[in-house]
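J.: The following block contains the structure, expressed as structure tokens.
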Amino acid sequence: MAVLAFVDTQEGKITKSSYEVVSYAAKVAEKEGGEAVAITYGDVDNGDLEALGKYGAKKVLINKSVTNMLPTKLAKLTAAAAEQEGADIIVFAQDFTGKSVAPILSAKLKAGLVSGAVDYPDTTDGFVVKKNVFSGKAFAMYKVNTEKKVISILPNSVGKEEVDGTAQVEEFSADLGDSRITVTNVEKANTDGGIPLTEADLVVSAGRGLKGPENWGMIEELANKLGAATACSRPVADVGWRPHHEHVGQTGIAIRPNLYIAVGISGAIQHLAGVNGSKVIVVINTDPEAPFFKAADYGIVGDAFEVVPKLNKAIEAFQA
Ligand code: FAD
């Protein structure tokens, strides 16, 4: 029995959350008495493919003919790989790709789907997976009763573990048929060479408390000093102070970095929905009653225009 890990790529590099998916699949496979197999696509860096062995993949299947993220094709590709390998459990990351491909695949395979899993399955009484519900405010235990099971895990929820292993890389071709959709153009979000939000371990985010786009210099400086990505609240992106790809929350990107620093953001439920899975949350706000403080691990009641420059100076002194 194999456990199949769907491995996503960006510009030829395997995404960080995919290593976690492979590590998760390997642990589930070990428990089930099987092996973890990875399926990926496109023109992927060879070193990256081999590195999947360090996270427990015994075999890596790669289809080089699929080059665009077209969910229906990726679902067909994954279904074909699952069939070849006899995989009953297929694991994705709950990211942009996983969110669109996993449900299509589960419908195709008539498999039970658990999206947003935060732990390994408990098999003492059936196959039970813990997942986030109500925008991360609670957990639910989902029992999957189908033979085939599709799980998407929240990035940064279980971590990845290195093992002493190597993976055999094999080209994988499958008849993917015609697609009703064609990708005509892919436009890359302009991150100015910065770290993409979804890949970032550290994130510095700011909101309406900064008063205007001209004041983001100190936020970018803090992010640069820490090696962090920048993010923002929705109103800030809506009025064009910051680009939309930085907007986090219920209607933006959901992230789970190790550190999230929120500056001048009130902490509305819709914002928290996208960031409350962060390992450590630091809030800087003038209002001691700001709801964000309830979700914070560390809080500074203070004016961003005083606190952030002081932080920048302190980090500079520390790094000198
Ligand atoms: P504000 O609520 O105006 O808060 C600004 C904060 O800055 C205040 O707490 C204030 O005390 C503080 N402040 C002011 N001056 C300073 C200073 N000098 N120094 C430090 N702090 C200061 N929002 C999102 O962010 N993401 C979403 O995905 C999202 N989706 C939504 C979906 C729906 C359906 C709806 C209805 C709303 C959604 N929102 C979302 C909007 C959300 O409800 C809030 O309105 C929004 O998050 C508030 O943004 P903010 O905290 O930047 O601004």
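J.: What pairs come up if the first residue lies in the range 275-294 and is more than 14 Å from Ala200 (Cβ to Cβ) and assigned to a strand (DSSP E or B), the second is within 12 Å of the ligand (Cβ to nearest atom) and among the acidic types (Asp, Glu), and their beta carbons are under 9 Å apart, counting only those six or more places apart or on different chains?
T.: Ile284/Asp303
J.: Under 7 Å between Cβ atoms, which residue pairs at least 6 apart in sequence (or on different chains) link something in the range 62-73 that is of a type outside the set (A, V, I, L, M) with a partner that is not in a loop (DSSP other than H, G, I, E, B)?
T.: Listed pairs, sorted by first residue: Asn63/Tyr41; Asn63/Leu77; Lys64/Glu171; Pro71/Ser100; Pro71/Val101; Pro71/Ile104; Thr72/Ile104.
J.: Shifting gears a bit: Can you name every residue in the range 52-73 that is touching a strand residue (DSSP E or B) at 6+ places or on another chain (Cβ under 9 Å), closer than 16 Å to Tyr24 by Cβ and surrounded by fewer than 24 Cβ atoms within 10 Å (Cβ to Cβ)?
T.: Result: Gly53, Lys58.
J.: Would you be able to tell me the number of residues in the range 221-257 that are open to solvent by less than 40 Å² (accessible area, probe 1.4 Å), in a loop (DSSP other than H, G, I, E, B) and within 15 Å of the ligand (Cβ to nearest atom)?
T.: Qualifying residue count, the range 221-257: 5.
J.: Restricting to the range 268-299, and then to whatever is more than 12 Å from the ligand (Cβ to nearest atom) and charged (D, E, K, R), can you tell me which residue is most open to solvent (accessible area, probe 1.4 Å)?
T.: Per the criteria, the residue is Lys294.
J.: So the check is Cβ under 7 Å with 6+ separation or different chains; which pairs have a first residue in the range 1-12 that's farther than 15 Å from Ala51 by Cβ and a second one that's among the acidic types (Asp, Glu) and open to solvent by 30 Å² or more (accessible area, probe 1.4 Å)?
T.: Hits for this filter: Met1/Glu32; Met1/Asp88; Ala2/Glu35; Ala2/Glu85; Val3/Glu32; Leu4/Glu85.
J.: Which ranges mark the strands (runs of 3 or more DSSP E) fully within the range 96-204 that have 1 or more residues being polar (S, T, N, Q) and within 30 Å of Glu35 (Cβ to Cβ)? Please lay out each step first, then the result.
T.: Details: elements: 112-117, 128-133, 138-143, 149-153, 168-171.
In the range 96-204, 112-117, 128-133, 149-153, 168-171 are the strands (runs of 3 or more DSSP E) which contain 1 or more residues that are polar (S, T, N, Q) and within 30 Å of Glu35 (Cβ to Cβ).
J.: So, of the residues in the range 224-245 that are touching a Cys at 6+ places or on another chain (Cβ under 9 Å) and modelled with pLDDT of 95 or more, which turns out to be farthest from Leu202 (Cα to Cα)?
T.: Ranking the candidates gives Trp241 first.
J.: Looking at Ser100 and the list (1) within 23 Å of the chain's Cα centre (by Cα); (2) open to solvent by 60 Å² or more (accessible area, probe 1.4 Å), which single condition is not satisfied?
T.: (2)
J.: Here's a follow-up. Right, Ile265: part of a loop (DSSP other than H, G, I, E, B), surrounded by 19 or more Cβ atoms within 10 Å (Cβ to Cβ) and near the ligand (Cβ under 6 Å from one of its atoms) or not?
T.: When the stated conditions are applied, Ile265 passes them.
The values are calculated or read from the model by the stated rules, or taken from the named source; none is laboratory data. From a predicted model like this one, the values you see are computed outputs, not experimental measurements. Neighbour counts are summed over all protein chains in view; Cβ atoms, including those assigned to glycine, are modelled from backbone coordinates with ideal geometry. We work out accessible area using only protein heavy atoms, side chains counted, and drop any ligands, DNA or RNA first. Shrake-Rupley method; radii C 1.70, N 1.55, O 1.52, S 1.80 Å.
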